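First the structure, in the form of structure tokens, and then the observations on it.
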Amino acid sequence: MNLFLSVMTFVGYLMASVLYVGALYEGRRERWGRYGVLAGWAAQTIFLITDAITTHGLPVATLYDWMSFFVWLMISLFLVIQLRRNYTHIGSFLVPIVFLLWLVSQFLAHHNKGTALSATGAWLGLHIVLATASYAAFLFAAVFGIMYTEKERELKNKRVRLFYYQLPPLDEMDEVGSHLVMLGVPLLAVALVLGAYVAKSVSGYYWTWTAKEIWSLVIWLVYAGYLTLRWVAGWRGHRAAVYVMLAFLLVIINFWGINTLFPGAGYF
Amino acid sequence: MRIQVVGLNHQTAPLEVRERVSLTPDQVRQAYEQYGEVPEVAGVTIVSTCNRTEFYVAGSITLGEILAWWEVLTGVDRGDFVDYLYWYQDQEAYQHLFRVAAGLDSMVLGETQILGQVKDAYRLADAYKAVGPLHRLFHYALRVGKRTHSETGISHNALSMGHAVVELAKKVFGDLRPLTAFVVGSGEMGTLVGRHLAANGIEHIIVANRTRANADRLAQELKATAVDFDLLEENMRQADIIVTATSASRPVITQAMARRAFKGQTQRLRFLFDLAVPRDVEPQVAKLGSGIFLYDVDDLKGIVEANRLQRQKEAIKVERIIREEQAIFEEELGASNVGSVIRSLRDKAERIRKAELGKALNRLPDLTDRERAVVEDATRLMINKLLNDAMVSIRSWGNDDDKAVYIAAVRDLFRLTDDAPDTVSQAPAGEVATEG
């Protein structure tokens, strides 16, 4: 059953990745891309639910679980955005990235202990969900950054080809990107506070200066810095777009780098 | 039923010819009033616009007779326009109308106006009950047009300078309404672009011109604000979109001016359109900030060219829609072709059966009701069994052009005369059941 669901997720997201990129050239492919996303998403949803039932908790205990959950959340958000606005072409950038994340997660060890959450209960769960949601917002912001720079490049070179025709107006992408960061920063702030609270109840200290903790704080500062630069120094457009793209690299380093280099106690 | 189209358009005929032979709405009405008197016409619809005049005619009327009719309506001798005509029949005629409705035959590829004109022409003809067997054809043509605009982007992307300016601004800003546009130079080009911007709802337009009176005139037309030409920098600072179109021989916006005007705002999105030759804006202005876009006339031409290619790409999709719809239409037509043969054959058999049965029963007055019923059943079964295989075969010929001659042969063989209302056909494919 699990194998079937994984294969279905793989096929669905792979098909969606290919078709969404193809949809930039030929809009009709978008529809089948969406079916692929829906199929993969449905399979993944069932997978996560069964996983949650068997382990009696949120399926976020290992990096593998967490990434799978993150991917699921990204796709869910993508589907919600599609309902509200016609941002089809986010899919051309987002779905392949998310598919790769999912694929990588499949190769991570997933010895599911099923105990991670029981000790500290709901607060840890909430901490993880909020942190994940903030990362999802940051990844979306980065996708808008990519789209912005691609369209801007065509407009500056005056050789319009693809993105000129397909992507939303520059100003709008800039706005949406900044709104996403505005959403992610407070979410991550709350997540960090909750994390400290959970740490206190587990180890007796709020803050233990682990690489993980430091890095998470750095990420928060970087995104808070983005908002500051935007509001105070009037950063807009190109610079803002490049900033959110680079900032997300930090998140990716956080994903793998820290978790692989310092596999100590902690959470993701 | 033969369907043909005779006409001329912007590709085949010069304007002098087009304007002479085009029909005014009154002349078109007159044509519809007369059409009952023109022999061999089962239906007619006339599409007459500034770019084309076309007669769509169903019936066995000849080309010469249509031209004679055209001569009478316009008073122009056919010798004056016959060289510019095209004439298509049946499949080619359907295809032509579908292409027209989709905008593929228009001067501006993919324009949408023609679809409305085709629809109006059809409605007018319908009001005079002149459409006749052409109903289904026009129904499909309008469907092609609708699908074209909902399923392809052929009517998107600007093909003129004025539209291109608005389109580019939208690609950067999205909603133009809350923006400020500054038009420098109120000559022909400045006026044109100013009108386009105003038509797209830009809230605040500022106009400057060396001769203040001209700026005032344009400002009044656009409900804009006119300012002194000396105040360029102040107004540049406020503006999101700057359009320059002066006849100055040297740049009116230098890099130094722009640097002062945009000081502290270099990341703000700003679009400058320099429509003047020689250019009004120093090209270095574009390098002042990442938010600044500067397009000159050649750049805009490049965009228009790219848009044209884009439309041509979309035209391939439109051709596909036309093929699909044409296939469905012809299938429908084919089904109705054989439908009428089958109907007439069955009617004829039934008539004979009833007549002969009546005679026979008259000669057998002593039969009981049950015996009469047996005899009647026997005749019916004979006819049905005899015709059954023939019906199956005829049905299978419906969409096969090569088999059209068989259908004609069946008609000849059984001497079928149609008593359907539209009995004008002499075409081999037989009748078209119409009126959808």
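The values are calculated or read from the model by the stated rules, or taken from the named source; none is laboratory data. These numbers come from a predicted model, not from an experiment. Here Cβ is always computed from backbone atoms with ideal geometry, including for glycine, and neighbour counts include all displayed protein chains. Only protein heavy atoms, including side chains, enter the accessible area calculation; ligands, DNA and RNA are left aside. Shrake-Rupley method; radii C 1.70, N 1.55, O 1.52, S 1.80 Å.
For the reader, a short list of remarks on this structure follows.
Conditions (1) open to solvent by less than 50 Å² (accessible area, probe 1.4 Å); (2) free of Cβ contacts under 8 Å to residues at least 24 places away in the same chain; (3) over 14 Å from the mean Cα position of the chain (by Cα), marked per residue:
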position: B:60; (1), (2), (3): yes, no, yes
position: B:89; (1), (2), (3): no, no, yes
position: B:98; (1), (2), (3): yes, no, no
position: B:146; (1), (2), (3): no, no, no
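- Qualifying residue in segment A:128-144 (condition: within 14 Å of chain B (Cβ to nearest Cβ) and either open to solvent by 30 Å² or more (accessible area, probe 1.4 Å) or assigned to a helix (DSSP H, G or I) (or both)): yes
- Residue within segment B:297-307 that is among the small types (Gly, Ala, Ser), away from chain A (no Cβ under 14 Å) and without any contact (Cβ under 8 Å) to a residue 40 or more places away in the chain present: no
- The residues on offer are B:291, B:334, B:339, B:358, and the sole one that is within 14 Å of another protein chain (Cβ to nearest Cβ) and either within 30 Å of residue B:109 (Cβ to Cβ) or of a type outside the set (Phe, Trp, Tyr) (or both) is B:291.
- Qualifying residue in segment A:214-227 (condition: within 14 Å of chain B (Cβ to nearest Cβ), within 22 Å of residue A:140 (Cβ to Cβ) and in a helix (DSSP H, G or I)): yes
- Test: residue in segment B:161-168 that is assigned to a helix (DSSP H, G or I), of a type in the set (Asp, Glu), more than 12 Å from residue B:275 (Cβ to Cβ) and within 14 Å of another protein chain (Cβ to nearest Cβ): yes
- Selected residue [open to solvent by less than 30 Å² (accessible area, probe 1.4 Å) and of a type outside the set (D, E, K, R)] from A:45, A:54, A:50: A:45
- The set of residues in segment B:14-39 being open to solvent by 80 Å² or more (accessible area, probe 1.4 Å) and part of a loop (DSSP other than H, G, I, E, B) is empty.
- Here residue A:200 meets each of (1) without any contact (Cβ under 8 Å) to a residue 40 or more places away in the chain; (2) touching a helix residue (DSSP H, G or I) at 6+ places or on another chain (Cβ under 7 Å); (3) over 28 Å from residue B:241 (Cβ atoms); (4) open to solvent by 50 Å² or more (accessible area, probe 1.4 Å) with one exception, condition (2).
- From the list A:5, A:83, A:77, A:19, the lone residue that is under 25 Å from residue A:256 (Cβ atoms), more than 14 Å from chain B (Cβ to nearest Cβ) and open to solvent by 20 Å² or more (accessible area, probe 1.4 Å) is A:77.
- Considered as a group, the residues in segment A:157-167 that are open to solvent by 20 Å² or more (accessible area, probe 1.4 Å) and at the interface with chain B (Cβ under 7 Å from one of its Cβ atoms) include one that is farthest from residue B:174 (Cα to Cα), and that residue is A:158.
- Residues satisfying the stated conditions in segment B:190-218, i.e. under 20 Å from residue B:250 (Cα atoms) and surrounded by fewer than 23 Cβ atoms within 10 Å (Cβ to Cβ): B:210, B:211, B:212
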